[in-house]
Each structure stands twice: as structure tokens, then as C-alpha cells.
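Single-structure report; data block below.
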């Protein structure tokens, strides 16, 4: 479903606080597509309202029958069975309506979660990095729960309760219009304070949603960093840090409770005044012989039946404002448009030799100094090119530009002469396999994590990839082999084992362009030798761009590029660069001259 900018028809910005525009858009995007389900709920609500109005009439008939000197057995029996039957019918309609309405509201919540999650998956890589995972999770959980609560209250109070009140008040007007007008004149007194309370609650609700996101973020960070917290004895620090967020949420919720708590007592007082007025008025008329005990009891029953939905009206504005605050936050997310998309006329990438060229490429994060500046580099098809340099030199940024995780600021990048912005993202990323120092593993089986490289891969292909990455031996030693669940982010594996699974995934992908961002950084010497042998075989015929971490990787590269300050300052093979005694030679010397030594990257 396409979601447009948050504008009403007259152009007003709904996100700035236009509640009516928000409600219109919410109806158009999420409620209207389920109009059939809503229609079923409305029908059941209408039936419930009709039985509620008829219930008051039956009570009136019952008391009039009982008020005679000799109640007619047949009439009395009819009234008794009619009341029992009507009560049973009301219970059925109430059950069916409750189930139907909650099913619809929960389905809308599911639709929102799916849309929000899909939007985040389609968002630019840098957008996801601007907000913590906890904040994003909160948008898909806490915010949507608030939307569901408000939607349920809106449907129940604005429709079911309205129909009930209309049916009951209609009967009251038919029975005694003067007494009805007396009662109805009391309730509008509460309108102004309730509206004031609801506006205050909207501000509190939005602050609460933001604080809930912060709390979720802090909890995620603390639980993810359990090893650091325990090793450094940071339990007290972590608890104190999160307790502040807990306390803030408590205070905000108490402010909301204090504001909402004033609504029910207000309506309770008004209901008492209405009941007292009805009793006095009917008592006077009964003493004059104008009304009967049945009229009085029927009217009181109707008044009591109307009291609950009227009270629901009082609780609606606060819940609605809380929901509107959450809807605003959801639309802030859904209205963001990715900048890295297929350009008009984009064509599938056609891979030949896989030659990669950077032509005067510049990239900057926002308004900051360029991380990569005027880089020109030719990577022949099937060649291995290593990037070395100090931290912050721009190596990882340059690699991330190839799958268009970021959009270049100036220059062009081509593969086999095809400019990356002119090909489809799907075909570009299908042609790339990447293994980075920051390993991503899911709480699933070993087999499933390797298969992420190619979801339709056979079991034989998965095992072959594991063997090629020197991972098969340790996998078979796990309790359930390839079916072993490795825990959140692979916490049940060592660093080297995680890295080899990531390499197996890349090997399984079998892509013509291979990006290695310090891919062997977590391996011991023996594992590195095995993996390097596997990579040497796997990279044949593939264009490989390596961020070098160890000297062995650099020595085997067809070309080494030394980066500093976003520029390439030296290029050549290992022996050539050592002979020049420049930046590369200094990097080697700073780590010690030896094949087993590491180069800082």
C-alpha cells in the first residue's frame, strides 16, 4: 500500500498536530481497506444497540405487570421469558461483536507492523544507523500497541456506544421526552474539562512513547553487552543508567493516570445528579398519578444502560490523543523516502569479466569532510586488490560504495563499464558477496545461517561451502551438527568460528564480485592459513576487493592501495612498495617485519 505525505486535502500538515488530518489518513490507509470487517462489526453493534433499547421496555412492562393487584400469569410469564431471552441475545451479540472488532483491530496492528518493518528493510543503510535498534523496535511494538488501544476505543466508543446511546435515548424520548431532556442537559457540562485533559494527555503520550523507545534501546544495549558488563563489573552502572529511564516513564505514566483519573469521577458525579433528578421528578409525577412504577423502573434501567457508554465517551478523548501521538510517530517513519533507489530506465547488471572502476569518486557523510576524496582506481576483472591504511583512512567507506550502501557525492563507479546508478539494485547486489569484520549471524541453525548466501541452496552445496571455509570440522563437532542453533548473534560460537560461517555464506553465494572487510581478523594462525587457501581458490576468476588486516593477505594481492585521509597515496605490489620505502613500508615496519605480523587497518 502506497503511503503518501502526511497532508490533508487542503494542504495542512497533519504531522504538526492536525488531528483531523491524521484520523482521515489513518482511515484511508488502514481502516478503509478493511471496511468489510468493520461493516460486520457495525451490524453486530446495531443489533446489540437494538436489544439494549428493547431491554428497558421489557423492564417497564414487567414492573407494570407486577404493580397490579392481580398480575396476569400469562403476561407475567411472557415478560419474564422475554427478559431472559433478550439478556441471552444481548450476550451473544456482545460476544460476537467483541471478537469481530478485536480481530479487525489486531489485524490492523499486524498490517502496521508489517508495513513498518518492510519500510525499515527498504530504507537506506545510513538511515537505519541514525537511530538505535531499540528505538526502531519501540516504533514497531510500543507505538503500535498504543495505536491498537486507541483504535479499539474509537470503534467501541464512537460507534457501538453511540448506537447504544441512540437506541436508549430514543426509547427515553418516546417514553418521556421532558424527563429525557432534563437528564441530557447535565452531561454537556463535562465536555470542556474532558477536552482540556485530552490535549494534555496527547503531549504526555508523545513524550512517553519517546521515553519508551529510549528505555528499549538501553535494555537492548545492556543485554547485548552482557560480557563487557560482567567482565568490567558494570552492573551498578548499567542499572543506574536504565533506572533513570524507568523512573521517567513512571512519572509520565503517573501524570497520565492523574489526568485520566479525573474523568470518571466527573462523570460519576454527573450520573448521580441525573439519577437524583430523575428520582425527584418521577416521584413527583407518581404522586400526581401521571407516572407508574413501571415507567420509573424502565427509565432508570435505560439511564443505567446509557451510563456505561456515556462514560466511555469520557474516556475516549484521552485514549484517542495517546493513539494520535503514536500514529504521528509511525507516519514519521513511513513517510521517509529512501534516496538510494533504482533510477528511471535502470537495467539489470550484465557481468562479463567483472572489472571494477572508481573514477574520481568522492563521498561525504552529510556535511562532514569527505571520507573518500577524488579516488580513481581500476580493479581488473578477476584481480584481487587490497586496501591498507590507518583507521579512518576511508577503506571501509570505499568498499561500502560498491553495493550502493551509500550514494557517492561525485564521480562514477562502474562494473564492466556499467555505471552503478544506472543498473538495478537487485542485479547489483546479487552480483556481490561481502564478509566484514562485523559479523551478522541470526539465532537459527548453522545450516540456516550459511544458507543466507543463497536461500534455495541444496544441503550438499551448504556442506561444500562449509568445507571450503574450513568450517565443516567444527560444525560436525557441535551437539546437533548443521542443525545446531547458535544463539543470538552466534553467541555460542567463538570469534573464529563465526568468521568461518560468514565466509561459508559468501562462498555459497558464488558472486562474481567479492568484498572482504578484514574477513580474517578473528582467525587464529592455523585457521587463517586454511581460510586463505580456500579464499585463494574461491577468488579465482572473481573480482576481489580486500581491506587488508594481515600481511599474508597483502602479499598475495595483485595490487595494494595505501589510503590516507580518503585518498589513495600509493599503489603497487608488495615488493615494489617495500622498495619505495614510503607509507606502506612504514606500516609494515610499525608492526614488525614478518609474514605473520599484522598491518594496522
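The values are calculated or read from the model by the stated rules, or taken from the named source; none is laboratory data. The structure presented is a predicted model; accordingly, all values stated were derived computationally and were not measured. Cβ atoms come from the backbone with ideal geometry, glycine included; neighbour counts cover every protein chain shown.
Here are some notes:
- Scoring residue 128 on the criteria (1) more than 23 Å from residue 100 (Cα to Cα); (2) under 17 Å from the mean Cα position of the chain (by Cα); (3) touching a residue at least 24 places away in the same chain (Cβ under 8 Å); (4) surrounded by fewer than 17 Cβ atoms within 10 Å (Cβ to Cβ) leaves a single failure, condition (3).
- Residue 519 out of contact with any helix residue (DSSP H, G or I) (no Cβ under 6 Å at 6 or more places or on another chain), modelled with pLDDT of 90 or more and under 30 Å from residue 349 (Cα atoms): no
- Among the residues listed as 120, 219, 140, 223, the single one being farther than 30 Å from residue 98 by Cβ, under 24 Å from the mean Cα position of the chain (by Cα) and at pLDDT 75 or above: 120
- Some residue of the stretch 404-411 being touching a helix residue (DSSP H, G or I) at 6+ places or on another chain (Cβ under 8 Å) and either within 23 Å of residue 558 (Cβ to Cβ) or modelled with pLDDT of 95 or more (or both): no
- Residue match in the stretch 59-78 (condition: part of a helix (DSSP H, G or I), modelled with pLDDT of 80 or more, at negative phi and touching a helix residue (DSSP H, G or I) at 6+ places or on another chain (Cβ under 7 Å)): no
- The sole residue among 465, 460 that is surrounded by fewer than 17 Cβ atoms within 10 Å (Cβ to Cβ) and in a helix (DSSP H, G or I) is 460.
- Qualifying residue in the stretch 466-484 (condition: touching a residue at least 12 places away in the same chain (Cβ under 8 Å) and under 30 Å from residue 368 (Cα atoms)): no
- At least 1 residues being free of Cβ contacts under 8 Å to residues at least 24 places away in the same chain and touching a strand residue (DSSP E or B) at 6+ places or on another chain (Cβ under 8 Å) is the threshold, and among the strands (runs of 3 or more DSSP E) wholly inside the stretch 368-420 those reaching it are 372-379.
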